[in-house]
Structures are given as structure tokens and as C-alpha cells.
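Engineer: Below is the structure I would like to discuss, written out as C-alpha cells.
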Amino acid sequence: MDPVRNLLGKRLFTPGPVMMSAETLAIGAWQTPYFRNQSFSDILHSCEQALLALVNADEGSRVVFLTASGTAAMEATIMNLLSKDTPSVVINGGSFGQRFVDMCCRHAIPVTDAVVDRDDLTDGLCLASLPTADALLINAHETSVGHLYSIQSSGQYCIQRNMLHIVDAISAFVTDEVDMQKQYIDALILSSHKGLALPPGLAMVVLGPRAIERIQPTSNLYFDFQHYLKDGERGQTPFTPAVTIVLQLHARLQQLHQQGLLSAQHQAKELASYFRQQLPALGLSCYAQAMPNAMTAVQVSGTMRASDLVARLEHEFDCVVAPNGGNLKDSIFRVAHMGNMQLSDLTVLVDALAKIIGERA
Ligand SMILES: *Cc1c(COP(=O)(O)O)cnc(C)c1O
């Protein structure tokens, strides 16, 4: 079979990419336009204003638009805001927390790796025992295990200690609450292909006033925030942006503005609750205690193997869920509730799971 055809036309329950709306898909079908002109500048300006409003950013906040995946935005934030003179703490409860730790190590930032295991995750964060530091880095939703942290608590901790609160909300924004003022977030990392339900390739860093003040000169040219902020004043980016995704973002932000973020969160919550209610009858359960609306990590028990379920769902039912790696490979898989998903998509998945699991009984 044609390898491209083999990838297309499946239902995606993966935590990125996620299913996109007809409007987003339609914009993607157009020829990419030229962008060094006023019309594109107006669109980028409007994206910045809309995003700042949706995340309730402080007066004076700005957005850096990077053409890159979310990981690049995480690393760019570290390169621009931290240095060997800014000891930092990473809340590490899975592979995305570990990614922050690895980045700090590469960039010679003194880092305390606050490893939280599954049991510690249960009642939020044990922040009291952390050392003094200049910044705290946290993934609002640790997507590798489907755990939602209390960003409100980490924000309060940071504000009391005058620490920079750097939050990767890539897999929380849209489906779960993200509010920069309420949660004292100084730098907020977002990307296009999770809750925003756009193609991968555009990442955004929303910088609050305290973060803007702390931007340091970086030896890196492509990711130099100063350059992005300066060009952003006239609605442009230093290098060719993901033009089409910016146009899709513009439409999506307008749609979210009309719908209201609370309603978008409610919609994801309804899908998540419905799905979670179906699990016990299938002999499955939820892996995480504190779960986001964005995703459910499903625990498989008995003689079933999560990796087999993942493979059969795709090959026999065209339902793509996310496998886990490492020692969780056979015990959990992940089902996202982000993007253009309907209850009817979830019933297809639940029916497929019932068939596979029923055959084994
Ligand atoms: C998806 C994701 C990222 C970014 O991953 P990329 O593969 O670089 O897009 C970062 N953090 C979290 C929490 C994520 O879920």
C-alpha cells in the first residue's frame, strides 16, 4: 500500500497531532501567500493580541512566534531566560520534565531535578523541600503519564520566592485552565498541534513583563528572543514563519474567542468524563490521579498488553491512540481529548476496545 495513504484517514486520539476543524483544513488547502507585507503583519499582530487575551497575560506581555516544534520553544526559553548564574528547579514527573532537565544540563544551567514519582503526584507538589533557585520549570500537564499539576501552587511558590515561573502548557492550553495572571506565569510555552488543533510547526512563547526584563544575550541566532520581539513590533518575524499555520492560528483564535475558553474546556471535560466512565466495564482504569481534560492515560491489567491494544486499534479499527515507551510500554496507553473530537469518535474507540477485549474473555 502507498505509505502516504496508509497514514491518512484515521481517527486520531493522539496527544498531537490532533483532529483539525474543517475551517483549519480549508485554509491549509490554499497556496502559501507571501508574507513580508502589511496584510500578514496585521494577522500576526491580531494573533498576538488574541493570544495575550486568551491566556490573561499582564499588561506589557509579548508573544514570540517560532517556526519549530514545541521542544524548540522549551529550549529557546531556557537559552534566553536562564544562564549558568541562574540556578533552576525542574519538576520532573515524566519524559517532558526530563526534557527540561536535559536541556538545562546542555546549556550549563545549574539544575535541581525534583523527581516526582507517581505517588508524590497524587496530592500536588511537595515544593517545600526544594532548594532556593532563580527559576522553576514545570509542564502544566505531564503528557507522558497524563498528570495535571497545580500550576496555581507552583505559581504561588514562585511569587513568594521571587522566582521566574516557566510553564510548558503545550498540552494543557485550550482544554485546561491556563491563566498567566492568576497562576503567576512569567513565561508560557505553547505549540500549534495540541489543544490549538493546528498542524505541527508553530510554537509560541508568551513572555510576561518579568520574563522580558530577564532576557539575556544568547549566542544562538535563530532563537534570539530580542530579535523576535523587535520584529514583532511591526508584525513580522526575523525568518520565514510557518505562514499557513499562522493563518490557521488566526482563524482558530477568533473561533476560540467567540466560543469562549471556558466552553472549550467544558467540551473537553465532557469527552474525558464520558470516556473515563466507560473504562471499568472494559476492565481498564485511569492511570493518573490528577487528570487533565486534555487526555486520559489508560491502565491495562491482567494478561492484556497495552502495546497489543494500540497496534490492533490502529490496524483493525483505524483508531490511533498513543503508545507509551520504556517500562510503561505494556501497562498504559494514552487517549487525548483535544482538537476537533466528537462523542461519536469516542464511541467508535470504545466499541473497538470492547471488541478486542471481548474476544479475549
Ligand atoms: C507535545 C509536548 C511538547 C512538545 O513536543 P514536540 O514533539 O516538540 O512538539 C512539549 N511538552 C509537552 C508537555 C508536550 O505534550
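Engineer: Relative to the longest principal Cα axis of the chain, at what angle does helix 306-317 sit, 0 to 90 degrees, rounded to 10?
Structural biologist: 80 degrees
Engineer: Relative contact order for the range 243-361: what percent, with Cα pairs under 8 Å and sequence separation of 6 or more?
Structural biologist: 23 percent
Engineer: Is the shape of the chain rounded, prolate or oblate, going by the alpha carbon gyration tensor and its root eigenvalues a ≥ b ≥ c, with a/c under 1.5 for rounded and a/b larger than b/c for prolate?
Structural biologist: It is oblate, given that a/c is not under 1.5 and a/b is not larger than b/c.
Engineer: Apply the Karplus parameterisation 6.51 cos²θ - 1.76 cosθ + 1.60, with θ equal to phi minus 60°, to every residue of the range 174-187 and state each ³J(HN,Hα) to the nearest whole Hz, in sequence, with x for glycine and proline.
Structural biologist: Result, ordered by residue: 5, 7, 10, 5, 9, 9, 4, 6, 5, 9, 6, 8, 8, 9 Hz.
Engineer: Just the number, please: Stokes-Einstein D of the range 37-151 in µm²/s, Kirkwood Rh from C-alpha pairs, 37 °C, 0.692 mPa s.
Structural biologist: Translational D for this selection: 206 µm²/s.
Engineer: Please name whichever of Pro3, Gly28, Ile91 sits farthest to the positive end of the charge dipole of the range 1-92, dipole taken about the Cα centre and charges placed at Cβ: Lys and Arg +1, Asp and Glu -1.
Structural biologist: Result: Pro3.
Engineer: For the range 166-196 and the range 42-94, what is the separation of their C-alpha centers, rounded to whole Å?
Structural biologist: Between the Cα centre of the range 166-196 and that of the range 42-94, the gap is 9 Å.
Engineer: Please state the charge dipole magnitude for the chain, taken about the Cα centre, from unit charges on C-beta atoms (+1 on K and R, -1 on D and E), reported in debye and rounded to the nearest 20.
Structural biologist: The dipole of the chain has a size of about 380 debye.
Engineer: Then there is this: Taking N as the number of residues in the range 216-314, what is its Cα Rg relative to 2.2 N^0.38 Å?
Structural biologist: Normalised Cα radius of gyration, the range 216-314: 1.69.
Engineer: A further question follows. Choose one answer from Thr24, Thr244, Thr303: the residue with the largest mean-square fluctuation in a GNM of the chain with alpha-carbon springs under 10 Å.
Structural biologist: Thr303
Engineer: While we're here: Name the most mobile residue of Cys105, Cys319, Cys47, meaning the one with the largest mean-square fluctuation, in a Gaussian network model of the chain with Cα contacts below 10 Å.
Structural biologist: Answer for the Gaussian network model of the chain: Cys105.
Engineer: At 7 Å along Cα-to-Cβ for each site, give me the label-to-label distance between Ile159 and Glu316 in nm.
Structural biologist: Computed distance between label sites Ile159 and Glu316 equals 5.2 nm.
Engineer: Taking other Cβ within 10 Å of each residue's Cβ, how do Phe275, Phe100 sort, fewest first? Before the final figure, lay out the partial values.
Structural biologist: Numbers: Phe275 21, Phe100 26.
Result, fewest neighbours first: Phe275, Phe100.
Engineer: Show the residues, 5+ positions off or on another chain, whose built amide H is closer than 5 Å to the amide H of Asn92.
Structural biologist: Ala114, Val115, Val116
Engineer: Tell me, what HN-Hα J-couplings in whole Hz come from the Karplus equation 6.51 cos²θ - 1.76 cosθ + 1.60 at θ = phi - 60° for each residue of the range 231-245, using x for Gly and Pro?
Structural biologist: Working through the residues one at a time gives 5, x, 4, 9, x, 10, 10, x, 10, 4, x, 6, 3, 5, 5 Hz.
Engineer: Fewest first, what order do Lys230, Lys269 take by the number of other Cβ atoms within 10 Å?
Structural biologist: By the 10 Å Cβ count, ascending, the order reads Lys230, Lys269.
Engineer: Still on this structure, I have one more. Report, in deg cm²/dmol and to the nearest 500, the calculated mean residue ellipticity at 222 nm for the chain, where each DSSP H run with n ≥ 4 adds -39500 (n - 2.57) and the sum is divided by the residue count. Mind showing how you got there, number by number?
Structural biologist: Numbers: 13 runs with 146 residues, N = 361.
Taking each H run of at least 4 residues, the total per residue is -12500 deg cm²/dmol.
Engineer: Check Ser191: other-chain or 5+ apart residues with amide H under 5 Å from its amide H, H built from backbone geometry?
Structural biologist: Met204
Engineer: What ranking do 88-95, 175-182, 345-352 get when scored by the average of other Cβ atoms within 10 Å per residue, highest first?
Structural biologist: On the way: 88-95: 23.2, 175-182: 20.6, 345-352: 17.2.
Descending mean neighbour count gives 88-95, 175-182, 345-352.
Engineer: Then there is this: Semi-axes of the equivalent ellipsoid of the range 1-68: what are they in whole Å, largest first, if each equals the square root of 5 times a C-alpha gyration tensor eigenvalue?
Structural biologist: 31, 18, 11
Engineer: Continuing with the same structure: Excluding residues fewer than 8 places away in the same chain, name every one of the aspartates and glutamates whose C-alpha is closer than 12 Å to that of Lys84.
Structural biologist: Candidates past the 8-residue exclusion: Asp134.
Engineer: Could I ask something else about it? Amide H to amide H, which residues 5 or more places from Met295 or on other chains are under 5 Å from it, using H placed in the peptide plane?
Structural biologist: His337
Quick note: the coordinates plus some simple rules give every number you see, no bench work behind them. This one's a predicted model, so the numbers in the text were calculated from it and none came from an experiment. Cβ sites come from the backbone with ideal geometry, for glycine too, and all protein chains shown count toward neighbours.
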